[in-house]
1. Okay, which of segment 166-191 sit inside 19 Å, backbone N to the point 7 Å along the Cα-Cβ direction of Leu85?
2. Need one number: nm distance between label points at Leu189 and Arg219, each 7 Å from Cα along Cα→Cβ, rounded to one decimal.
3. Once you have a ≥ b ≥ c as the square roots of the Cα gyration tensor eigenvalues for segment 75-234, tell me rounded if a/c is under 1.5, and otherwise prolate or oblate according to whether a/b is larger than b/c.
4. Can you figure out the FRET efficiency of Glu129 with Glu169, using R₀ = 22 Å and their beta-carbon distance, to the nearest 0.05?
5. Starting from 0.36 nm per residue, how many nanometres of slack lie between Ala93 and Tyr227 once their C-alpha separation is accounted for?
6. Between Arg68 and residues 5 or more places away or on another chain, which pairs have amide H atoms under 5 Å apart, with H built 1.01 Å from N, and which residues are they?
7. Which ³J(HN,Hα) values in Hz, rounded to whole numbers, follow from the phi angles of segment 108-122 under the Karplus curve 6.51 cos²θ - 1.76 cosθ + 1.60, where θ = phi - 60° and Gly and Pro get x?
8. Pick from Cys22, Cys232, Cys79: which is most flexible by mean-square fluctuation in a GNM of the chain where alpha carbon atoms under 10 Å apart are linked?
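Nothing in this text is a laboratory measurement; each read-out follows from the coordinates by a stated rule. Bear in mind that the values here come from a model prediction, so they are computed numbers and not experimental data. Glycine also receives a Cβ, built like all others from the backbone with ideal geometry; neighbour counts cover every protein chain displayed.
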Amino acid sequence: MDQPLADKVRVLDAAGRRLSPCTGERAQGLVDDGKAEWADGEIPTIRLRREIELPPPPVPPEPPGKGRRLLLHACCGPCTTYPALHLRQQEFAVSAFWYNPNIHPFAEHERRREALRQFAGAIDLPLIEWPDYEMVEFLRAVAGREAHGQRCRICYRMRLERTAQAAQERGFAAFTTTLLISPYQDEDLIRAIGEEAGRTSGVEFYYERLRRGWSERGRLAKVHELYRQDYCGCIYSEWESRRGLPKD
Ligand code: SF4
């Protein structure tokens with residue numbers, strides 16, 4: 001039986017499985033060659049006379065964290081919310097790490113640390129805290145290089161190198177940082193310094209575009225009633241923020 005030529009014809013194999021459609025001309029050719037027959041129905045359809053062996057469905061990729069321990073450098077409670085939960089979804093066994101000698105004054109450092117403890121307690125997140133407050137080392141390291149971009153490079157390096165060291169000493173497979181979530185930080189520079197610290201320590205720096213979770217971070221911080229700071233951390237950023245000074 002000839003069918004009027006259609007633009008697209010549905011194709012079934014002998015077992016009734018749907019295959020890729022073909023043109024009406026191609027369908028009629030298969031029927032004329034005895035390889036298929038027209039099937040009843042409103043949609044033009046041919047049924048092949050043989051079964052087609054289909055490739056197995058693709059196997060979904062394994063989550064990157066599968067069975068791996070990751071040390072998450074945590075800069076504050078709010079910025080830890082989305083990254084910690086997201087990395088857990090990636091099946092990392094996540095621990096947080098507190099080391100932020102760039103947060104001044106000490107009372108502010110303690111307030112942010114307390115917010116992190118609060119969140120870690122709420123989600124049973126193991127938390128490792130660096131025992132010392134190395135504010136003096138930080139200020140010495142940035143002395144003479146206080147301009148915004150210059151001092152931030154030093155600040156990232158101090159924190160990421162310490163995290164890499166802690167990860168290496170404690171047998172973590174990877175480390176990363178909550179700094180990656182913030183649109184106010186230099187993501188490319190953080191990544192470059194993290195990867196360098198990873199090569200030196202032999203522990204992988206795990207990079208992911210965490211900024212996609214920025215608004216979710218805000219929501220979670222509200223849900224958990226976490227303290228939210230209004231300046232980056234160092235005395236210079238506090239001064240810039242209060243005075244509305246340009247950053248460079
Ligand atoms: S502005 Fe923020 S990132 Fe830059 S040095 Fe200060 S605390 Fe560190």
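1. Once the point is set 7 Å along Cα→Cβ of Leu85, 177-183 turn out to lie under 19 Å by backbone N, inside segment 166-191.
2. Going from the Leu189 label point to the Arg219 one covers 3.1 nm.
3. Verdict is rounded for segment 75-234.
4. Approximately 0.95, to the nearest 0.05.
5. Computed gain between Ala93 and Tyr227 is 45.7 nm.
6. Close amide H contacts, sequence-distant or interchain: Ala93.
7. 5, 4, 5, 5, 5, 5, 5, 5, 5, 4, 4, 5, 4, x, 5
8. Among Cys22, Cys232, Cys79, the largest mean-square fluctuation in the Gaussian network model of the chain belongs to Cys22.
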